[in-house]
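The values are calculated or read from the model by the stated rules, or taken from the named source; none is laboratory data. Source: prediction; values computed, not measured. With ideal geometry, Cβ positions are generated from the backbone for all residues, glycine too; neighbour counts draw on all protein chains shown.
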Amino acid sequence: MKKEKLKRWLAAGLVAAMTMTCLAGCGGGSSTDGDNGDSGEGGADGDGQVLKVAALESAYGADMWTEVAAAFEETHEGVKVEVTTDKKIEDKITPAMKSGDYPDVVHCATGRDAALTETLTKEKGLACLDEVLDMTIPGEDVTVKDKILPGFLDTLGTMPYNDGKTYYAPMFYSPCGLFYNAGLLKEKKWEVPTTWEEMWELGDKAKEEGIALFTYPTTGYFDAFTYALLESSGGADFYNKCMTYEDGIWESDEATAVFELIGKLAEYVEPTTVGNANDEGFTKNQQLILDNKAIFCPNGTWLPGEMADAPRAEGFEWGFTAVPAVAAGEKPSSFTFFEQLWVPAEAKNQELAMEWVAFMYSDKAAEIFANAGAVQPINGISEKLSDENKLYYQIYDNDAAVAVMGGFAATEPVEGVSMADSLFKAVDSIVSGDKTVEEWQTGVEETSDKLRDAM
Amino acid sequence: MKSKRGKNGFIAVCILPSVILFIIFMLIPTVNVFKMSMYKWGGFSNNKTFVGMNNFKILFQDDKFYRSFQNSILLIVLVTIVTMAFALIFAAILSREKIKGQNFFRIIFYIPNILSVVVISAIFSAIYDPNQGLLNSILSVFRAKDAAPILWLGNQRLVVYSLVIAMVWQAIGYYMVMYMASMAGVPESLYESANLEGAGKIYQFFHITLPLIWTNVRTTLTFFIISTINLSFLFVQAMTSGKPDGASEVFLSYMYGQAYTNSSYGYGMAIGVVVFLFSFGLAGLVNLVTKREPLEF
């Protein structure tokens, strides 16, 4: 009897132990991780300041971040930088962020699928970077504000709330425009069009030879393209009104001209483009340029690197031009894409984080980035560019093209409504003929109305 | 009396681990989804605003949601019917007929099931390629020389059917093996006597095989609903990303897009609640409709 009781208690004890270990195993994972990171590193260093940096591993690679971190540690004694890089950095850092463990600085551009930057912006979860602008760059005697190229700091791309306060630090800029095969145009003795009239003429000529005028990787690339068109259709003021959802702005003549232009361009799009315009097949659309099946493709300066190993037509040579102006007499324009670096409002080590942000604009850091192909928007950067890169970055030289910066203003999240869907994704429907230009335009104005209320 | 209480206590202790795990990993998250669907929340900050049923009100006026819902239902219905028909036919042939290389076919049919969805998506993207794709190359034999290529993933009226084909291809092997397993349990004597009575193969299939594996078919119907809902999300993510212009969006991909890309986590959870109720209801309905007196053999 007694023995049986003992057995029973033993069994119960084992079950309880199993439960405990199981639960401990499930729940403990993240907390032990954090402990290791903090105490381990802290103990090894003098004053034990640890800066946690999370950065997107983009086409430029991850190595430059570790190099920059090492350079930062050199200038800041006793500081240890922990760099986390990943191609999907959002997936890597959000679980910890949701439990309150935030990185101190995050490099992650807007416009990505997971929309981490946008979400934190909409939730007012960013620290204001105004004080960084007045900081002297570590190891140099110039302020951040004076070193960043003019124009970069007064756009919606750095001041998402349009309130004069900077929340994003501009990183790695890259002009977006139309890429083409310069070799093909030379061979056929075609001129690079500078107006849309010339563009349509070229389109008709090329059509006779079985070459389409235009293709696009996915509709996502229509953002930079449309921004450039809007600017050259109505000027800077008009552009800002569009980006801040002014009532009726999308039904104005200037906006109508842009919608109609893209509607006409849709007739010149290479016929298989829509079939591959998704994340799986977009390189096939880019390949059309290399194969001389289409002439122009809107893209950014990362394109040649992305297609470096792809087969190409004989005599192929990358060409790059700004987007011709919509309104007569205006200059061509090009949207300047840049990525964003920001400090979460919940970051523990904000002071050091600000130092890090300032350091990004030092000559030292810029050089490390430039070696990986990433170009910082600072004075004197043109001397650090490779010859190939100079081709792209010179399109603004001598006032040849207007630089357009900054996208749509941030709003509170509006359920089921987004400009990306209404304005850009809809281009697929225009090309395939599932929507008319009028329907498209009405849809954009409706979206703009809803977003304005949430500003 | 005392020993009975002891026994109950012992049982309680034994089931405690699974009850705790069930509560932590199933009940609490589910309750949370229901709770979050009544908040306006971006997913990170502490400012959650309670909005009651507002998310649902918006949802029922959201055309994009209706479109994704339609696509999901179309996928569930088509994938289930086509996969089930093929899987049953192949299973019947492979288990009842003597054909050469039976095991070979069994393996071939099962292979798609062990491939990851991403690999399958890559395969089908290659098949659907407008210029060099397998499908268009074959069809070009029957079509005029300068006919425009068919855009399997670019035509808004075709893209969902393109997904159906990929999903059916992926699922057939799994269900075929399941049906074969239960067909193996049907006694040979029944077929022998049916043969003696002069019943044909097709008659035997509908009057012996199908009724006797009916419980198995019913179970797989629930599997079909659950797996189509889940897999359609993965296929859409990997193959079309909802393009062109949202034409291939299914409700889970729309939910993901709203909860994350559009920073409307609460709204995403409202979609989650609808999906939850829908799949639960559908599974229940299918179970009810297909209820038969189980046949013994």
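I'd like to verify a number: residues in the stretch B:138-180 that are more than 18 Å from the chain's Cα centre (by Cα), in contact (Cβ under 8 Å) with a residue 24 or more places away in the chain and more than 14 Å from chain A (Cβ to nearest Cβ), how many?
Total satisfying the criteria: 1.
State which residue is nearest to the other protein chains (Cβ to nearest Cβ) when the search covers only the stretch A:424-440 and only residues that are part of a helix (DSSP H, G or I) and touching a Phe, Trp or Tyr at 6+ places or on another chain (Cβ under 8 Å). Walk me through it before giving the result.
Applying the first criterion (part of a helix (DSSP H, G or I)) to the stretch A:424-440 yields A:424-425, A:427-432, A:437-440.
Now narrow it down to the ones that are touching a Phe, Trp or Tyr at 6+ places or on another chain (Cβ under 8 Å): A:424, A:427, A:429-430, A:437, A:440.
Working: A:F424: 10, A:V427: 8, A:S429: 4, A:I430: 9, A:V437: 14, A:W440: 10 Å.
For the stretch A:424-440, the residue satisfying everything is A:S429.
Select the helices (runs of 4 or more DSSP H) contained entirely in the stretch B:1-62, then report the ones holding at least 2 residues which are facing chain A (nearest Cβ under 10 Å), farther than 30 Å from B:Y265 by Cβ and of a type outside the set (A, V, I, L, M, F, W, C).
Numbers: elements: B:2-22, B:28-36, B:54-59.
Correct list: B:2-22.
Which condition does A:G234 not pass, out of (1) small (G, A, S); (2) touching an Asp or Glu at 6+ places or on another chain (Cβ under 6 Å); (3) within 14 Å of chain B (Cβ to nearest Cβ), if it passes all the others?
For A:G234, the failing item is (3).
Hey, among A:Y221, A:Y216, which residue is assigned to a helix (DSSP H, G or I), in contact with a strand residue (DSSP E or B) (Cβ under 7 Å, 6 or more places away or on another chain) and under 25 Å from A:A294 (Cβ atoms)? Steps first, answer last, please.
Details: A:Y216 fails: assigned to a helix (DSSP H, G or I).
Being assigned to a helix (DSSP H, G or I), in contact with a strand residue (DSSP E or B) (Cβ under 7 Å, 6 or more places away or on another chain) and under 25 Å from A:A294 (Cβ atoms) holds for just one of A:Y221, A:Y216, which is A:Y221.
Considering only the stretch A:377-388, I want to know if a residue exists there that is over 18 Å from A:D130 (Cα atoms), free of Cβ contacts under 8 Å to residues at least 24 places away in the same chain, among the small types (G, A, S) and not in a helix (DSSP H, G or I).
First pass over the stretch A:377-388, keeping only residues over 18 Å from A:D130 (Cα atoms): A:379-388.
Filter once more, keeping what is free of Cβ contacts under 8 Å to residues at least 24 places away in the same chain: A:380, A:382-387.
Checking which are among the small types (G, A, S) leaves us with A:380, A:382, A:386.
Subsequent filtering for residues that are not in a helix (DSSP H, G or I) retains A:380, A:386.
Yes, the stretch A:377-388 contains at least one residue that is over 18 Å from A:D130 (Cα atoms), free of Cβ contacts under 8 Å to residues at least 24 places away in the same chain, among the small types (G, A, S) and not in a helix (DSSP H, G or I).
If you go through the stretch A:139-148 one residue at a time, do you hit one that is crowded, with 17+ Cβ neighbours inside 10 Å and either within 14 Å of another protein chain (Cβ to nearest Cβ) or of a type in the set (D, E) (or both)?
Initially, the stretch A:139-148 is screened for residues crowded, with 17+ Cβ neighbours inside 10 Å, giving A:144, A:147-148.
Now narrow it down to the ones that are either within 14 Å of another protein chain (Cβ to nearest Cβ) or of a type in the set (D, E) (or both): none.
No, the stretch A:139-148 has no match at all.
Filter the stretch B:186-209 for residues that are outside any helix (DSSP H, G or I) and not hydrophobic (A, V, I, L, M, F, W, C); which is surrounded by the most Cβ atoms within 10 Å (Cβ to Cβ)?
Here is the first cut: in the stretch B:186-209, the ones outside any helix (DSSP H, G or I) are B:186-187, B:198-200.
Filter once more, keeping what is not hydrophobic (A, V, I, L, M, F, W, C): B:187, B:198, B:200.
Numbers: B:P187: 11, B:G198: 7, B:G200: 9.
Among residues in the stretch B:186-209 that are outside any helix (DSSP H, G or I) and not hydrophobic (A, V, I, L, M, F, W, C), the one surrounded by the most Cβ atoms within 10 Å (Cβ to Cβ) is B:P187.
Is it the case that some residue within the stretch A:308-319 is crowded, with 21+ Cβ neighbours inside 10 Å and in contact (Cβ under 8 Å) with a residue 24 or more places away in the chain? Full working, then the answer.
Filtering the stretch A:308-319 down to residues crowded, with 21+ Cβ neighbours inside 10 Å leaves none.
No, that holds for no residue.
Among (1) assigned to a helix (DSSP H, G or I); (2) over 28 Å from A:G61 (Cβ atoms); (3) away from chain B (no Cβ under 14 Å), which single condition is A:G275 missing?
(3)
Does A:P298 satisfy being closer than 22 Å to A:P193 by Cβ and at pLDDT below 90? Explain how you work it out, then say what you get.
Numbers: closer than 22 Å to A:P193 by Cβ: yes; at pLDDT below 90: no.
Against the criterion (closer than 22 Å to A:P193 by Cβ and at pLDDT below 90), A:P298 does not qualify.
Just the residues that are in contact with a Ser or Thr (Cβ under 6 Å, 6 or more places away or on another chain) and either within 12 Å of another protein chain (Cβ to nearest Cβ) or in a strand (DSSP E or B) (or both), please, taken from the stretch A:89-117.
Matches in the stretch A:89-117: A:T110, A:D113, A:A115, A:T117.
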